[in-house]
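For reference, the structure discussed in these notes is given below.
Laboratory data are not the source of any read-out in this text; all were calculated from the coordinates shown. Values in this document were obtained by computation on a predicted structure and should not be read as measured data. Backbone-built Cβ (ideal geometry, glycine too); neighbour counts: all protein chains shown.
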Amino acid sequence: MTNNRAARLRQLGMQVLRFGLVGAAGFAVDIVIFNALRLTVLSPESIEIGPLIAKLISTTLAIVTNWVGNRFWTFADTRQSNTVREASEFFVVSIAGMGFGLGSLWVSHYVLGFTSVLADNISSNVIGLALGAVFRFALYRWWVFSPARAAAQHPVAAAQGTAPQRTEVSSRSTEPAA
């Protein structure tokens, strides 16, 4: 294995680790909020679709937590200078990823009839989370926080809407003109 390839694998491994830790924080937010809502104001005894609403709210709060963590830690060196665009792309991917948790919960709770709190948590917070995590990491890495996009970005060019230009510094640039 070449040194360059080993370095890239180490970098990818660190990104996966950081993504996992940020995801764990988001998961904590998600599961606490989901269960607090599911067991109180959004219980299925009070509101039939309460578990789905609870999951929608808890996942949205987890997405905000994950965006901050991924932007400023996991993918800090490849984040975009256009924060609005990056946030928009992040939320599009996250909402699509939310579909895995909501879909798993819907199938388990409403199609298969597994309506206990434990079944709702396993379907949405284990199965849905695992499927969604793989989907989100791939799209965050290769689209939202793409190293190629970060390398090509130039803040002035992005603000003017022109093609980014790379600025190269050579050893001759410090020599006095003849």
Share of Cα-Cα pairs in segment 1-143 beyond 24 Å, in percent? 36 percent
Projecting the Cα atoms of Leu105, Ile53, Ala6 onto the charge dipole of segment 1-130, where Lys and Arg contribute +1 and Asp and Glu -1 at Cβ, the residue farthest towards the positive end is Ala6
Taking θ as phi - 60°, what are the ³J(HN,Hα) couplings along segment 15-32 by the Karplus curve (6.51, -1.76, 1.60), each to the nearest whole Hz, with x for Gly and Pro? 5, 4, 4, 5, 4, x, 5, 4, x, 5, 5, x, 4, 4, 4, 4, 5, 5
Give me the mean projected area, in nm² to one decimal, of the convex hull enclosing the Cα positions of segment 1-70. 5.4 nm²
Using +1 on the beta carbon of Lys and Arg, -1 on that of Asp and Glu, and nothing else charged, what's the dipole of segment 65-146 about the Cα centre, debye to 20? 160 debye
Phi to ³J(HN,Hα) by Karplus 6.51 cos²θ - 1.76 cosθ + 1.60 over segment 120-125, Hz, x for Gly, Pro: 4, 5, 5, 5, 8, 9
Net charge contributed by nearby residues that have their C-beta within less than 12 Å of Thr74 (K/R +1, D/E -1): +4
Under 8 Å for C-alpha pairs, at least 6 residues apart: give me the relative contact order for segment 1-62, rounded to a whole percent. 32 percent
Whole-Hz ³J(HN,Hα) for each residue in segment 56-66, computed from phi via Karplus 6.51 cos²θ - 1.76 cosθ + 1.60 with θ = phi - 60°, x for glycine and proline: what do you get? 4, 5, 5, 5, 4, 5, 5, 4, 4, 4, 5
Cβ neighbours within 10 Å, averaged per peptide: list 2-12, 82-92, 104-114 in order, most packed at the top. 104-114, 82-92, 2-12
